[in-house]
Amino acid sequence: MASVHDVAAYILAKAGPMSAMKLQKLTYFSYGYHLAWDDEPMFPEPFEAWANGPVAPALYADHRRRYILDAGDISGDPDRLAPNQRESIDIVLDKLGSYSAHQLSEASHHEAGPWQMARTRAGAQELERSTEQLRDEEIADYFAALAATGS
């Protein structure tokens with residue numbers, strides 16, 4: 001199975017340099033849509049409900065203290081991705097790749113979304129970091145509903 005690092009490396013190779021926050025959000029959206037479309041996780045590493053949206057701590061550890069990332073800055077191997085995983089990421093990049101990190105962050109904060117559900121479970125306050133994991137069932141349901149509306 002591919003890792004979050006492989007997905008992030010693929011995103012950087014396809015989309016070019018971007019902020020660490022934007023990379024986290026594109027990785028999250030790729031994971032969510034892939035889970036909804038293919039009914040399988042893209043990678044095993046979880047997302048947590050941090051203050052600025054969903055974050056994969058394993059990916060964060062790879063880019064910590066760096067703001068702008070480029071191909072080669074992440075320890076993943078894009079060749080480990082299956083064709084259907086690449087297709088999911090390509091669709092997300094076509095649709096959301098031009099969004100800013102802030103726009104993607106706002107989009108990940110929907111009040112009925114998995115990030116908010118995890119924060120509510122954890123009792124996290126606004127701007128408070130939480131280590132509560134987002135649940136795949138909630139991610140799949142949320143992104144399936146988005147896909148059904150064309151969002």
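The values are calculated or read from the model by the stated rules, or taken from the named source; none is laboratory data. Given the structure is predicted, the values throughout are model-derived calculations rather than measurements. Positions of Cβ are generated from backbone atoms using ideal geometry, with glycine treated the same way; all protein chains shown enter the neighbour counts. Just the protein is used for accessible areas: all its heavy atoms, side chains included, with ligands, DNA and RNA removed. Shrake-Rupley method; radii C 1.70, N 1.55, O 1.52, S 1.80 Å.
Side notes on the structure shown:
- On inspection, ALA147 qualifies as over 20 Å from ALA20 (Cβ atoms), touching a helix residue (DSSP H, G or I) at 6+ places or on another chain (Cβ under 7 Å) and either β-branched (Val, Ile, Thr) or at pLDDT below 95 (or both).
- Matching residues, segment 38-59, being open to solvent by 30 Å² or more (accessible area, probe 1.4 Å), more than 13 Å from ARG135 (Cα to Cα) and either part of a strand (DSSP E or B) or touching a strand residue (DSSP E or B) at 6+ places or on another chain (Cβ under 9 Å) (or both): PRO57
Here's the yes/no breakdown for (1) touching a helix residue (DSSP H, G or I) at 6+ places or on another chain (Cβ under 8 Å); (2) assigned to a helix (DSSP H, G or I); (3) of a type outside the set (A, V, I, L, M); (4) open to solvent by less than 80 Å² (accessible area, probe 1.4 Å):
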| position | (1), (2), (3), (4) |
| --- | --- |
| ASN84 | yes, yes, yes, yes |
| HIS110 | yes, no, yes, no |
| THR120 | no, yes, yes, no |
| ALA140 | yes, yes, no, yes |
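- Applying the criterion of being over 18 Å from ALA144 (Cβ atoms) and in a loop (DSSP other than H, G, I, E, B) to the residues of segment 86-108, the residue that is least open to solvent (accessible area, probe 1.4 Å) is GLY97.
- Any hit, segment 21-30, residues being open to solvent by 10 Å² or more (accessible area, probe 1.4 Å), over 11 Å from the mean Cα position of the chain (by Cα), at pLDDT 95 or above and of a type in the set (A, V, I, L, M, F, W, C): no
- Enumeration of residues in segment 64-82 that are outside any loop (DSSP other than H, G, I, E, B) and surrounded by fewer than 12 Cβ atoms within 10 Å (Cβ to Cβ): ASP79
- Beta carbons closer than 7 Å, at least 6 apart along the sequence or on distinct chains, pair a first residue in segment 135-151 that is under 13 Å from PHE29 (Cβ atoms) with a second that is assigned to a helix (DSSP H, G or I) and open to solvent by 60 Å² or more (accessible area, probe 1.4 Å) for ALA147/TRP37.
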